[in-house]
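Asks: Okay, handing you the structure first.
All of the numbers you see were taken from the coordinates with simple rules; none came from a lab. Quantities reported herein were computed from a predicted structural model and do not represent experimental measurements. Don't worry about glycine lacking a Cβ; one is built from the backbone with ideal geometry, like all the others, and counts go over all protein chains shown.
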């Protein structure tokens with residue numbers, strides 16, 4: 001029965017083809033450093049899922065942000081676990097994405113024909129850092145407030161337009177509820193949408209071109 | 001090839017993977033469900049005697065509304081809910097206190113002086129001066145508060161649902 005359902009679906013959706021193309025690809029003999037991309041993808045999905053769950057209770061207003069997180073941590077069943085995974089997963093994701101970049105660089109995997117994979121990877125690395133920067137403000141505690149004060153102040157050191165950039169980031173001259181709301185929007189909509197799109201291109205190219213083998217002496 | 005009665009290597013790997021997968025789904029899924037339903041699982045109960053003032057302040061034969069508020073904590077916020085109680089004195093010592101919450105779908109009923117009944121504006125539920133259903137969709141009479149008199153002061157027993 002199960003096999004008949006599968007065949008019915010397979011004939012229409014091409015599941016076997018998808019499996020063969022995406023998972024049953026021929027790959028050179030590689031090492032554990034080649035798992036960092038998959039690890040990054042896994043962490044992105046993990047951050048996405050735990051983030052969706054946090055959004056059930058979190059409220060991005062200056063009045064509610066801190067209290068709603070206290071509520072998640074102390075009152076909601078397993079709230080500490082879901083926020084803990086999101087919190088530690090964030091640091092881990094920055095680390096893993098960065099190591100993935102180093103692996104690509106040192107194995108020279110960014111060269112022809114993989115330049116676009118590399119370029120989308122650059123966007124993904126920067127977007128991941130952006131997620132860290134915007135997410136850091138959301139607890140609206142002292143550390144978040146002053147970290148964002150400093151971060152937006154640093155952006156202001158850009159010549160000529162620095163002051164303008166700071167005001168755009170903050171949504172005004174001061175760090176306020178406007179800042180919190182726009183950081184939240186960027187954190188849960190703008191950057192995740194960008195990351196998802198870039199991951200789509202990135203993985204399409206990995207499947208289309210295949211992965212590099214480990215460079216040998218003399219390469 | 002493994003014999004059919006034996007557990008082959010591939011079969012063994014499939015079973016182990018399936019079991020680990022099921023375990024992981026449970027470990028991840030159960031906390032997720034608990035996380036979502038946590039506020040619903042928390043029962044908030046409380047009761048209090050609410051003083052409505054001296055009984056003699058309430059006119060005989062004319063239902064009079066007494067408004068009061070009760071606060072409780074929902075999530076991280078204090079929520080203040082308004083309640084209304086209709087004090088109905090039939091004679092000098094005979095009285096009842098009704099909740100003004102319609103027993104149909106919880107809109108608030110009003111005493112209509114000219115029609116001499118309680119009317120619910122949402123779906124035209126009607127209750128008479130005894131709180132009995134006089135028409136419309138309400139399934140049962142108006143809820144009555146337990147009352148007591150202390151030194152001529154009327155009190156009702158409020159129970160948090």
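Asks: Could you please find all residues in region B:125-151 being surrounded by 12 or more Cβ atoms within 10 Å (Cβ to Cβ) and more than 25 Å from residue B:50 (Cβ to Cβ)?
Replies: B:126, B:133, B:134, B:135, B:136, B:137
Asks: Just need a number here: residues in region B:52-85 that are over 21 Å from residue B:115 (Cβ atoms) and assigned to a loop (DSSP other than H, G, I, E, B).
Replies: 2
Asks: Could you list, in sequence order, the residues of region A:51-82 that are at the interface with another protein chain (Cβ under 7 Å from one of its Cβ atoms) and not in a loop (DSSP other than H, G, I, E, B)?
Replies: Hits for region A:51-82 are A:53, A:67, A:68, A:70, A:71, A:79, A:81, A:82.
Asks: Now a separate question. Of the residues that make up region A:103-114, is at least one farther than 27 Å from residue A:205 by Cα and either under 20 Å from the mean Cα position of the chain (by Cα) or touching a residue at least 60 places away in the same chain (Cβ under 8 Å) (or both)?
Replies: Checked region A:103-114: no residue is farther than 27 Å from residue A:205 by Cα and either under 20 Å from the mean Cα position of the chain (by Cα) or touching a residue at least 60 places away in the same chain (Cβ under 8 Å) (or both).
Asks: For the subset of region A:18-34 comprising residues that are in contact with a helix residue (DSSP H, G or I) (Cβ under 9 Å, 6 or more places away or on another chain) and part of a helix (DSSP H, G or I), which member is nearest to the other protein chains (Cβ to nearest Cβ)?
Replies: A:22
Asks: Kindly indicate the residue of region B:21-57 that is in contact (Cβ under 8 Å) with a residue 12 or more places away in the chain and within 14 Å of chain A (Cβ to nearest Cβ) and also farthest from residue B:73 (Cα to Cα) among those meeting that condition.
Replies: Filtering region B:21-57 for residues that are in contact (Cβ under 8 Å) with a residue 12 or more places away in the chain and within 14 Å of chain A (Cβ to nearest Cβ), the one farthest from residue B:73 (Cα to Cα) comes out as B:39.
Asks: Go through region B:147-161 and give me each residue that's assigned to a loop (DSSP other than H, G, I, E, B), within 24 Å of the chain's Cα centre (by Cα) and touching a residue at least 60 places away in the same chain (Cβ under 8 Å).
Replies: Scanning region B:147-161 gives a single hit, B:160.
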